[in-house]
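Report on the following structure.
The values are calculated or read from the model by the stated rules, or taken from the named source; none is laboratory data. Since we're looking at a predicted model, the values are computed, not measured. Here the Cβ positions follow ideal geometry from the backbone for every residue, glycine too, while neighbour counts run over all protein chains shown.
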Amino acid sequence: MGAGMKVLFRALSYFRPDAGRIASVFCLLVGSIVLNVLKPWPLALMVDCVLGQRRLPALLGPAGAWPKPVQLGCLAAAIFLLHFGQGALAWAQNYSSIGVGLRGLTRVRQAVFARLQRLSLRYHQGANAGDLIYRASWDTYSFQTLFQQGLMTFVTALLSLLVMVCVMWRLNVPLTLVALALAPLMVMGIRLFGGAMRERTTVAQQADSRVTSLVQQSIAALPLTQSYTREDYEAGRFQGEAVEAQKRRLSQHGSELAYGFAIALIFGFGAAMTAWLGGRQVLAGALTLGKLLVFLSYLLQLYEPLNQLSYVGATVAGAAAGTRRVFEILDAPESVPDGKLSPKPGVQQIDFRGVSFAYEPGREVLREISLSLRRGETAALVGPSGAGKTTLLLMLPRFFDPTGGGIELDGVDLREFRLQDLRRQMALVLQEPIILPATVAENIAYGKPGATAEEIQAAARAANAAAFIEKLPQQFQTRIGDGAARLSAGERQRINLARAFLKDAPILLLDEPTSALDAESEALIAASLRELLRDRIGLIVAHRPATIAGLARVLEMADGRLRKT
Ligand SMILES: Nc1ncnc2c1ncn2[C@@H]1O[C@H](COP(=O)(O)OP(=O)(O)OP(=O)(O)O)[C@@H](O)[C@H]1O
Ligand SMILES: [Mg+2]
């Protein structure tokens, strides 16, 4: 229970900024409970004093002398006013508490999104995107559930219960004892069912998350699926997972319902006992009819908070499983810890010193690579597929850190630098071009947010992209990247190049930037590249001679090692 409580307190800590609002919710809550407890009393007075032979309590002052019909009218009005006031307070209380719940949800989602943005490539490559989407969008609701259906319901139910039990105790002790005898039975029920419910909820959430990731993966693989006509196979696979999720959910709800049934049995027993004993007391003249009515009305109302309390355990157990899955993201260890230094402006030199790297322990992809590049120098990296070229490039922005040796920038190990400052020194074009759902201009200016239209156009020209952009429906203002306007592989590549050109960083890292281009485009870009690289450090993975023509150094890579030529 210790670790479980820790998770709960940690989840609720996301609501701390709303402490003031929560306090006002509690004030409304207390008011609504007090009015609720007063609700059955006008009826009791009516039965005992107006219709029966007793006197109205002295508390009501001169009202005792009024004519009976007036007394009846006043008590009826009191019934209405109590219901109205209690309803209004409950409305205000629920509305604010839902507001607080939603604000907490937003806070958690922001934290998860920010964390996902910062987690290293190594984390994302090891994670399942669909599962992350499920956790960030659905599991985050658990925080709201925990606050509203967990904390708020618990406090509301407990307070109502306490107040009602106190009043019942003053009305009639033996009947109250019978009602209280239900509590230990309920604790037993929670013990009996709680663990199983928690377990089944976790399993059901995992199955749901597998369904989400399957949808996401199959959309990504759609061209493949359709061209290989494997739609039926995919549909079958999906049905398997969907039915599995259905079974898991059913089993979860089954255990919840069985639990609810057990609780209902306990209550049925309690209600029968109280009715029997209460009836005998009225027969014996130990209780007035009005007070028995109040007692019965409390007893019926007792059912609701007790029932809520009995479900709070299940709700909290389910929500705790969701929050735990969210915390797994928030607590994921950072494999690329941040440094403190900032590189000095005007980077002069990069040195690889015996760099080794393995994605998985024992399988080295880079082996003792040593290499120096000075300002004004560009090296071409060639070699067979799988040699480790991309991996070598990705070491510079520290998507991965070497497992042996180190990389230095002007004599300082990369790990000493603040990641953001280090990455500002580099423009990277990945082997797989990435287009953001935004306009062409926004895509190109991604690395230089304040860029002018002229700068964007110049970068597009240097990347030989201006001509095709001019032909798009709204030229530079055309939205691309989300299915609106489709770009060819070579066009995507040139947008990515223009983005890197515009960033104007001292280090340029290009991974096969012209692989999808025709010879003419390639030659044009190669010319811009040489111009751009004159005063920078460049590392270009390329296979085709035209791209690397005129570069002083060609480094051949094979099986994770460099062979200088
Ligand atoms: N995220 C990863 N996890 C595990 N192994 C990886 C990962 N990325 C690449 N590898 C492995 O590392 C080796 C080098 O991959 P890398 O992408 O650096 O090759 P490359 O030289 O760029 O090849 P290509 O010319 O095909 O792009 C390959 O054997 C590959 O299977
Ligand atoms: Mg590669």
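Of the residues that make up segment 369-379, is at least one within 39 Å of the chain's Cα centre (by Cα), buried (at least 20 other Cβ atoms within 10 Å of the Cβ) and more than 28 Å from SER528 (Cα to Cα)? There is no residue in segment 369-379 that is within 39 Å of the chain's Cα centre (by Cα), buried (at least 20 other Cβ atoms within 10 Å of the Cβ) and more than 28 Å from SER528 (Cα to Cα).
Checked against (1) without any contact (Cβ under 8 Å) to a residue 40 or more places away in the chain; (2) within 14 Å of ligand 1 (Cβ to nearest atom); (3) within 30 Å of PRO545 (Cα to Cα), GLY362 meets all criteria but (3).
Take the residues in segment 429-482 that are over 37 Å from the mean Cα position of the chain (by Cα) and of a type in the set (Asp, Glu), then tell me which one is nearest to ligand 2 (Cβ to nearest atom). So, considering only residues that are over 37 Å from the mean Cα position of the chain (by Cα) and of a type in the set (Asp, Glu), the one nearest to ligand 2 (Cβ to nearest atom) is GLU455.
Considered as a group, the residues in segment 530-552 that are under 17 Å from LEU508 (Cα atoms), out of contact with any Leu (no Cβ under 8 Å at 6 or more places or on another chain) and surrounded by 15 or more Cβ atoms within 10 Å (Cβ to Cβ) include one that is modelled with the lowest pLDDT, and that residue is LEU551. On the stretch given as segment 122-177, residues that are closer than 30 Å to SER96 by Cβ and acidic (Asp, Glu) total 1. Taking the criterion of being crowded, with 19+ Cβ neighbours inside 10 Å and assigned to a helix (DSSP H, G or I), the residues of segment 448-464 that qualify are ILE456, GLN457, ALA459, ALA460, ALA462. In this structure, does GLY354 turn out to be more than 16 Å from ligand 1 (Cβ to nearest atom), on the phi > 0 side of the Ramachandran plot and over 35 Å from the mean Cα position of the chain (by Cα)? Spelling it out, GLY354 is indeed more than 16 Å from ligand 1 (Cβ to nearest atom), on the phi > 0 side of the Ramachandran plot and over 35 Å from the mean Cα position of the chain (by Cα). Within segment 384-413, the only residue that satisfies the criterion of being touching a helix residue (DSSP H, G or I) at 6+ places or on another chain (Cβ under 6 Å), modelled with pLDDT of 90 or more and of a type in the set (A, V, I, L, M, F, W, C) is ILE407.
Here's the yes/no breakdown for (1) within 16 Å of ligand 1 (Cβ to nearest atom); (2) touching a Ser or Thr at 6+ places or on another chain (Cβ under 9 Å); (3) of a type in the set (A, V, I, L, M); (4) free of Cβ contacts under 8 Å to residues at least 40 places away in the same chain:
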{"residue": "LYS389", "(1), (2), (3), (4)": "yes, no, no, no"}
{"residue": "LEU392", "(1), (2), (3), (4)": "yes, no, yes, no"}
{"residue": "ARG398", "(1), (2), (3), (4)": "yes, yes, no, no"}
{"residue": "GLY404", "(1), (2), (3), (4)": "yes, yes, no, no"}
{"residue": "GLU408", "(1), (2), (3), (4)": "no, no, no, no"}
{"residue": "ASP413", "(1), (2), (3), (4)": "no, no, no, yes"}
{"residue": "PHE417", "(1), (2), (3), (4)": "no, yes, no, no"}
{"residue": "ARG423", "(1), (2), (3), (4)": "no, no, no, yes"}
{"residue": "VAL429", "(1), (2), (3), (4)": "yes, no, yes, no"}
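Search segment 474-510 for residues being over 21 Å from PRO449 (Cα atoms) and among the small types (Gly, Ala, Ser), and hand back the single one that is surrounded by the fewest Cβ atoms within 10 Å (Cβ to Cβ). Selected residue: GLY483. If the condition is being part of a helix (DSSP H, G or I) and of a type in the set (Ser, Thr, Tyr), then segment 508-534 contributes SER521, SER528.
Considering only residues in segment 305-338 that are touching a residue at least 12 places away in the same chain (Cβ under 8 Å) and among the charged types (D, E, K, R), the one that is nearest to THR156 (Cα to Cα) turns out to be ARG324. Looking at ALA314, ALA358, just one residue is surrounded by 17 or more Cβ atoms within 10 Å (Cβ to Cβ), hydrophobic (A, V, I, L, M, F, W, C), modelled with pLDDT of 85 or more and touching an Asp or Glu at 6+ places or on another chain (Cβ under 6 Å), and that residue is ALA358.
Of the set (1) part of a strand (DSSP E or B); (2) more than 16 Å from ligand 2 (Cβ to nearest atom); (3) in contact with a helix residue (DSSP H, G or I) (Cβ under 6 Å, 6 or more places away or on another chain), all apply to ALA314 but (1).
The set of residues in segment 380-428 being part of a strand (DSSP E or B) and within 12 Å of ligand 2 (Cβ to nearest atom) consists of LEU381, VAL382. Inspect all residues belonging to segment 53-65 and state whether any of them is aliphatic (A, V, I, L, M), surrounded by 13 or more Cβ atoms within 10 Å (Cβ to Cβ), part of a helix (DSSP H, G or I) and touching a residue at least 24 places away in the same chain (Cβ under 8 Å). Among the residues of segment 53-65, not one is aliphatic (A, V, I, L, M), surrounded by 13 or more Cβ atoms within 10 Å (Cβ to Cβ), part of a helix (DSSP H, G or I) and touching a residue at least 24 places away in the same chain (Cβ under 8 Å), which makes the answer no.
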